[in-house]
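Q: Got a structure for you, written out below as structure tokens; questions coming shortly.
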Amino acid sequence: MAAYPDNLHYTKDHEWIRVEGEIGTIGITDFAQEQLGDVVHVQLPRVGEKFEAHDTFGEVESVKTFSELYIPVSGEVAEINEALADAPELVNTNPYDAGWMIKIKISDPGEIDSLLSASEYEDFVESQKEE
Amino acid sequence: MSQLKKTSLNEAHRKLGGRMIDFGGWEMPVQYAAGTIEEHLAVRTAAGVFDVSHMGEIEIHGPQSLDLVQHVTTNDASKLSDGQAQYSALTYPEGTFVDDVLVHRFAADHYFLCVNASNTDKDFDWIRSHASVFDAEVANSSANYTQLAIQGPKALETLQPLVEVDLGAIKYYWFTRGQVDGVPAIIARTGYTGEDGFEIYFDPRESARIWNRILDAGKPIGILPCGLAARNTLRLEARMALYGNDIDDTTSVLEADLGWICKLNKGNFIGRDRLTGQKEKGVARKLVGFEVIDKGIARDHYPIFIDGREVGMVTSGSPAPFLKKNIGLAYLPIERTEIGTKFEVDVRGRRLAAQVVQTPFYKRSR
């Protein structure tokens, strides 16, 4: 599996979003899950909650640390990944598929353009690593 | 990262997917490819191996070695036989910690202290500053030793094929000189995980070979290399204190609930007067173990509240991978330290219920 699949859009906060029509599926990147280590809890919002781009929509806790989750684009929560309640490790083992976190109804598709492509995100991660 | 000190196994850790972090000035693996939870569980159910070469070794030689050790530590080293070790504390006159240490007696005129990495220089200077009135020499021999910890219920069967001595004959907190795969080593039945296991000390030039031999020998039982994160969760489940978190120069040995290493009747030692006073009057606060009742993780330094008043803070807090609970240690006012006492932890603005519980949280079956 590619570390950063080409069909996703990325943020500098290490979230990804997959856009299918008006629905966006959101999770954290392989780099983010690796930095966190073993995930033990994911705090997610309720279906129907509305967020503006960059708002905190939840929190992910690992054995060692925790991190806030930032929404890449504005929208309303349409679905949450219930499987993470019992199997938070899916975020580690499968960050781009089974480890997804929420699906939203995107309110402004124009915001997608401001996100990073896979190669841009990869460059960003590399620049972070060098620091 | 160029200033960080490296152990002789730095390259080996990287090859195993070790994620390296700055730990008190040392570049050490926080975890390997398997991850902290699997590493932790390997030690509870099979075996794990840790590079703990960052730990310091201070040796005391000379006819009055015992007198010096007795003067600077709280436990009674006169009770040790050759080949025996004890947990102890180096204390300031205030009865607070310079460090917590393992004292090994090689002979009446030779003691060997294993000390915390980041405290090595401080400990060495401290002991040496009190050595002048004794006929004893103090040496910092940390650079002479690689230290590996092989821990877990299957540590013995993993290590036995590599050594000629009968490991089963070494009692808990005893040690012997022997060879590991032909390399002279100190082999001690000690550890910091709450499991059976061994800590071995040997020439750093042999590190990579011995490390790989142990990993190979442990392959059939599923041994894993383990990083600092698993070391921390394992010691916390076993309620072993961590210097810098649970104990330091502001906390007394009695406040840390380590009265069992405080032998006030052994004769004079640094801190004895203050500790004797604390023992007579009672301490105002004590280190206790707790479990978070609500859903959430109390982490290091989170404040603790009782009846809306801040009364302390979490000194170590983490998910416990084997117990599958969220646990921690904290200093609480003495009147609030009874088992079952409820309090609140402020987890980033949320007040979560927690309660004082019996420790150790985890105790192995023998």
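Laboratory data are not the source of any read-out in this text; all were calculated from the coordinates shown. Quantities reported herein were computed from a predicted structural model and do not represent experimental measurements. Heads up, the Cβs are rebuilt from the backbone with ideal geometry, glycines too, and the neighbour counts pull from every protein chain shown.
Q: Express the Stokes-Einstein translational diffusion coefficient of the protein assembly as shown in µm² s⁻¹, to the nearest whole number, given a Kirkwood radius over alpha-carbon pairs, 10 °C and a viscosity of 1.306 mPa s.
A: Answer, rounded: 64 µm²/s.
Q: Now for a separate question. Relative to a virtual label point 7 Å from the Cα of B:Leu215 in the Cα→beta-carbon direction, which members of region B:157-199 show backbone nitrogen distances below 14 Å?
A: none
Q: In nm, give the distance between the simple-model label positions of B:Arg351 and B:Asp82, each being 7 Å from the Cα along the Cα-to-Cβ direction.
A: Label at B:Arg351, label at B:Asp82, 6.2 nm between them.
Q: Loop only by DSSP, 14 or fewer other Cβ within 10 Å of the Cβ. Give me the GluC sites (Glu not before Pro) in region B:273-366 that pass, ordered by residue number.
A: B:Glu338
Q: Note down the net charge around B:Gly267, summing +1 for each Lys or Arg and -1 for each Asp or Glu among other residues with Cβ under 13 Å from its Cβ.
A: Once positives and negatives cancel, what remains is +1.
Q: Right, something else. For region A:25-75, state which trypsin sites (Lys or Arg not before Pro) are in a DSSP loop and have at most 16 other beta carbons lying within 10 Å of their beta carbon. Can you show the working numbers first?
A: Numbers: sites: A:Arg46, A:Lys50, A:Lys64; in loops: A:Arg46, A:Lys64.
For trypsin sites (Lys or Arg not before Pro) across region A:25-75 that sit outside H, G, I, E and B with at most 16 neighbouring Cβ atoms in 10 Å, the list reads A:Arg46.
Q: Could you tell me the calculated FRET efficiency between B:Leu4 and B:His301, based on Cβ-Cβ distance and R0 = 25 angstrom, to the nearest 0.05?
A: The value I calculate is 0.55.
Q: Now, a different point. What does the average come to when, for each residue of peptide A:64-70, you count the partner chain Cβ atoms lying within 10 Å of its Cβ?
A: 3
Q: B:Glu310 to B:Ala208: extension gain in nm, 0.36 nm per residue of separation minus the Cα-Cα distance?
A: The span from B:Glu310 to B:Ala208 would gain 31.8 nm if fully extended.
Q: Now for a different question. Filter the chymotrypsin sites (Phe, Trp or Tyr not before Pro) in region B:133-175 down to the DSSP loop ones having no more than 14 other Cβ atoms within 10 Å, then list what survives.
A: Counting only loop positions with at most 14 other Cβ atoms within 10 Å, the chymotrypsin sites (Phe, Trp or Tyr not before Pro) in region B:133-175 are B:Tyr172.
Q: Ratio of Rg to Rh for region B:1-155, alpha carbon only, Kirkwood?
A: Ratio of gyration radius to Kirkwood radius for region B:1-155: 1.02.
Q: Can you compute the FRET efficiency between B:Gln179 and A:Glu20 using 1/(1 + (r/R0)^6), with r the Cβ-Cβ distance and R0 = 45 Å? Round to the nearest 0.05.
A: After rounding to 0.05, the efficiency reads 0.10.
Q: Sticking with this structure for a sec: If a paramagnetic tag sat 7 Å from the Cα of A:Lys105 along the Cα-Cβ line, which residues of region A:4-20 would have the backbone N under 17 Å from that point?
A: A:20
Q: Two decimals, Cα atoms only, Kirkwood Rh: what is Rg/Rh over chain B?
A: Details: Rg = 20.4 Å, Rh = 21.2 Å.
With Rg and the Kirkwood Rh in hand, the quotient comes to 0.96.
Q: Let me ask another. Taking the convex hull of the Cα atoms, report for region B:56-140 its projected area averaged over all directions, in nm².
A: So the mean shadow area of the Cα hull is 4.6 nm².
Q: First select every other residue whose beta carbon is under 14 angstrom from the beta carbon of B:Ile200; then total the charges, Lys and Arg +1, Asp and Glu -1.
A: -3
Q: Need the C-alpha centroid separation for region B:223-298 versus region B:25-42, integer Å.
A: When both Cα centres are located, 24 Å separates them.
Q: If each residue of separation counts as 0.36 nm, what is the full-extension length gain between A:Glu34 and A:Asp55 once their alpha-carbon separation is subtracted?
A: Gain on stretching A:Glu34 to A:Asp55: 5.3 nm.
Q: Hey, any idea what Rg/Rh is for region B:250-331, computing Rh the Kirkwood way over Cα pairs?
A: Radius of gyration relative to Kirkwood radius: 1.09.
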